[in-house]
1. Within the range 542-551, identify whether any single residue is assigned to a helix (DSSP H, G or I) and surrounded by 14 or more Cβ atoms within 10 Å (Cβ to Cβ), and answer yes or no.
2. Would you please name the residue that is farthest from Leu216 (Cα to Cα), looking only at residues in the range 78-116 that are touching a Lys or Arg at 6+ places or on another chain (Cβ under 8 Å) and among the hydroxyl-bearing types (Ser, Thr, Tyr)?
3. I need the full set of residues from the range 495-511 which are assigned to a loop (DSSP other than H, G, I, E, B) and either among the acidic types (Asp, Glu) or more than 19 Å from the chain's Cα centre (by Cα) (or both), in order please.
4. Select from the range 95-121 the residues that are at pLDDT 90 or above and either within 17 Å of Phe53 (Cβ to Cβ) or among the hydroxyl-bearing types (Ser, Thr, Tyr) (or both) and list them in ascending order.
5. Step by step: first the residues of the range 315-339, then only those that are open to solvent by less than 60 Å² (accessible area, probe 1.4 Å) and among the hydroxyl-bearing types (Ser, Thr, Tyr), then the one that is farthest from Ala380 (Cα to Cα). Which residue is that?
6. Filter the range 568-584 down to the residues that are more than 33 Å from the chain's Cα centre (by Cα) and open to solvent by less than 10 Å² (accessible area, probe 1.4 Å) and list them by number.
Amino acid sequence: MNDILALFSPEDEDEDFEMDIPLMIREEEKETREDDIETGLIGILPIKNTVLFPGVVIPITVGREKSIQVVKDANRTKHKRIGVLAQRNPETEDPQAEDLYEMGTVARILKLFKMPDGSVTVVIQGRSRFNVLEYEEGGKYLKAKIAKAHEVSPPEKEVKALTRNLRKGAFRIIDLSPNIPQEAKIALENIDHLGLLAHFIASNLNLEVPEKQALLEVNDLNEKSHIILKHLDSELDVLELSVEIQSKVKVDMDKQQREFMLRQQIRTIQEELGEAVQSSELDEIRERAKNKKWSAATQQMFDKEMHKLMRLTSHMPDYAQSINYLEWLLDLPWQQYSEDLFNFVKTQKILDNDHTGLEKPKERILEYLAVLKLKNDKKAPILCFYGPPGVGKTSLAKSIAKSLGRDCVRISLGGVRDEAEIRGHRRTYISAMPGKIIQGMRKAKTGNPVFVLDEIDKVGNDYRGDPSSALLEVLDPEQNNTFQDHYLEVEYDLSRVMFIATANSLATVHPALRDRLEIIEINGYSLEEKMAIAKKHLIPTAFEEHGLKKTDLKISDKALQKLIEGYTRESGVRKLAQQIATLCRAAAKRIVMSDEPATIKVTDKNIEELLGTVRFENESYQLIDTYGVCIGLAWTPVGGDILFIESTLSRGKGHLSLTGQLGDVMKESATLAYTYLKSHADSLQIPYEVFDKWDVHLHVPAGAIPKDGPSAGITMLTTLASLFTRRKVKAHIAMSGEITLRGKVLPVGGIKEKVLAAARIGIKTIILSKENAKDVREIKENTIAGLTFHYVSNMMEVLNLALENEAMEDVNLLLRKD
């Protein structure tokens, strides 16, 4: 019983290890559940050094390959059942049927964790006992046919008496053992079922495996309870003897305490004489604390730590830890706020100077700042800038801080998997520190900085906790005024902090976290905007970083346009900045190696000499001179792109084949398109017999790249309609939209990126859903000059707009070919 509710770790990580102590007992599990079995075939998990009893929950670290396999297979089943049998000899590494006991426990897998070393930790709960009838041969691991072993319960009066005696004996052991917390009594008091109580106590007795196995095999609860009572009495005798020994040891302890008191008196005398080493350090801490405007609870914690520090000497380990904790308290800005500079003309100017384009996001930002000025509670909004890489999300946050006169702090959340990195580590751990939030506040030195949470969509989670859940409190205006870091152990007010998160995708952001954020979408830049950004920001910055003067390097507009279109393919300007830096390095090399340095002029003719051959070529649509091919518009994390969707017929029985590494949603769109086409064959003058005698193969090129989403629906239907009607798709036309089984065209996202890609490639006509008209209106007119838009609501409109009127050949030829 000394191990009840104790904490422990595996003895040998290279072997299967079983923990003797149950982590929890659930009273509601004492009755037979619907997933228990009377007889049947079940996978067997051999365990060492312990016996699993019904109703008891234990974690097990599984290291052997067979054991890992049986656990994984069981975890994939509906009831997650597994048969647990104790080994006769714990040294046996590959136990067979004869190495295991005949009676075991059917267990249910509650939780499964994959460990870094390849092993698996599984939490299982014993459900019912079973006897092995026979083993199945030839499997990957042991499987056995089992039969449930039923227990015989004594009369009700005896049950009450035995329950009372078992609980009483366990209580006496808890009272005598200093290692068992008193909370263990609560667990025992809540167990009223005799069998469950007996199993719980039996699993915690300091017995060898054969003795525990013998207890498991006893069918009569009366007999089993009496055996357990004998073991409890034996354990009590040992504990009483231990208490007697401890009383004798106490005399020696009193001597040590006397010496400690004498040393304390010597220390006091040294302080009176002015010889205390740390007195000046403590005085400095007290002086700094006088000016702090913290709460009464924080002051109480500070005084408590100072009182503890005065009892320690400087060479003690706790002394350095206490000093470090007090330094953190003193370094934090407690109710120290900078004054906001609400000059919206200046703010607009700063945003425009720092960022070309982004009119919609800048307008939204000014709206939030206006609300912040009008409110009296000083609580800042929680913003989230969402968009592809390199569009200026982080720099926008810095510009906001600059315009308000606030300090800006940035932390990267990419790859953060430990909750303690947000909330901090408890001081019981060596080298414990506060979390990233408190560290950032210490760095800011004010209580209302602009706090940038970069890459919030890349937060992970594992067995150490979920950082996204910890961020819920940080980013909730109703809760973050009492944020509590595990290291500080006092409340800290974050309500005046302006948190700005950045993300490339909202799909991976925790739903509850996403609900707390004010989302501001930042789309990609057009060609004109990229050229303006390069001239205004990227080129001057690159010149300064590479030690070049304006007269050293000249980049023409045509060369810059070729650089953007031929060497980068992105929504932002990060790759563009890298290519400009490459030009600067090439220019620097020529300058230092030339006897007579002259201005290096980069044109669209000689840019390939400096950067190599063009990496991205625009697609040519003049090559589409046959039916069964259509162009769709796609959104990618680095901007818009186009998709060629091809289709062909082959003799068969009407099967539809899809290739090009398509996702489930995209496959469903293809199936919808094919079904719609078959159901409207008469309207399109397609003989229905064609569908029964020809197989269709639909392919999306660039097969190495995964593709998914519903926006290719109308493109797929147009491709198939072109194939079956033998009518070619009109030149320089592209489309994007989702379809339904009724032929409705639904709106899709990423319209700006898709339209910019179409304009860049040379598309002249774009077909979209009527509901996407509002998205097109938000794009600058000069960007879409020369493009014709058609807004549709059903697929028949799409086909009338996209397909040529005349067929290239008679569709009835397909029947004659047959």
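1. Just the residues of the range 542-551 that are assigned to a helix (DSSP H, G or I), to begin with: 542-545.
Remaining after also requiring surrounded by 14 or more Cβ atoms within 10 Å (Cβ to Cβ): 542-543.
Yes: one or more hits.
2. Tyr101
3. Once the filter is applied, which keeps residues that are assigned to a loop (DSSP other than H, G, I, E, B) and either among the acidic types (Asp, Glu) or more than 19 Å from the chain's Cα centre (by Cα) (or both), the range 495-511 yields Ser495, Arg496, Val497.
4. Scanning the range 95-121 gives Leu100, Tyr101, Glu102, Met103, Gly104, Thr105, Val106, Ala107, Arg108, Ile109, Leu110, Thr121.
5. Initially, the range 315-339 is screened for residues open to solvent by less than 60 Å² (accessible area, probe 1.4 Å), giving 319, 322-323, 325-334, 338.
Of the ones still in play, those that are also among the hydroxyl-bearing types (Ser, Thr, Tyr) are 319, 322, 325, 338.
On the way: Tyr319: 39, Ser322: 34, Tyr325: 29, Ser338: 14 Å.
Only one residue tops the list, namely Tyr319.
6. The answer is Ile580, Leu583, Cys584.
Yes/no matrix, rows are residues, columns are (1) among the small types (Gly, Ala, Ser); (2) free of Cβ contacts under 8 Å to residues at least 12 places away in the same chain; (3) closer than 29 Å to Lys375 by Cβ:
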position	(1), (2), (3)
Phe483	no, no, yes
Glu489	no, no, no
Val497	no, no, yes
Ala503	yes, no, yes
Ile520	no, no, yes
Gly524	yes, no, no
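Table: residues versus (1) touching a Pro at 6+ places or on another chain (Cβ under 8 Å); (2) within 18 Å of Arg64 (Cα to Cα); (3) open to solvent by 10 Å² or more (accessible area, probe 1.4 Å); (4) in contact (Cβ under 8 Å) with a residue 24 or more places away in the chain.
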{"residue": "Ala86", "(1), (2), (3), (4)": "yes, yes, no, yes"}
{"residue": "Gln96", "(1), (2), (3), (4)": "no, yes, yes, yes"}
{"residue": "Leu100", "(1), (2), (3), (4)": "yes, yes, no, yes"}
{"residue": "Glu134", "(1), (2), (3), (4)": "no, no, yes, no"}
{"residue": "Lys145", "(1), (2), (3), (4)": "no, no, yes, yes"}
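The values are calculated or read from the model by the stated rules, or taken from the named source; none is laboratory data. What you see is a predicted model; the values in this text were computed from it and never measured. Backbone-built Cβ (ideal geometry, glycine too); neighbour counts: all protein chains shown. Protein only, heavy atoms only, side chains kept; ligands, DNA and RNA dropped before computing areas. Shrake-Rupley method; radii C 1.70, N 1.55, O 1.52, S 1.80 Å.
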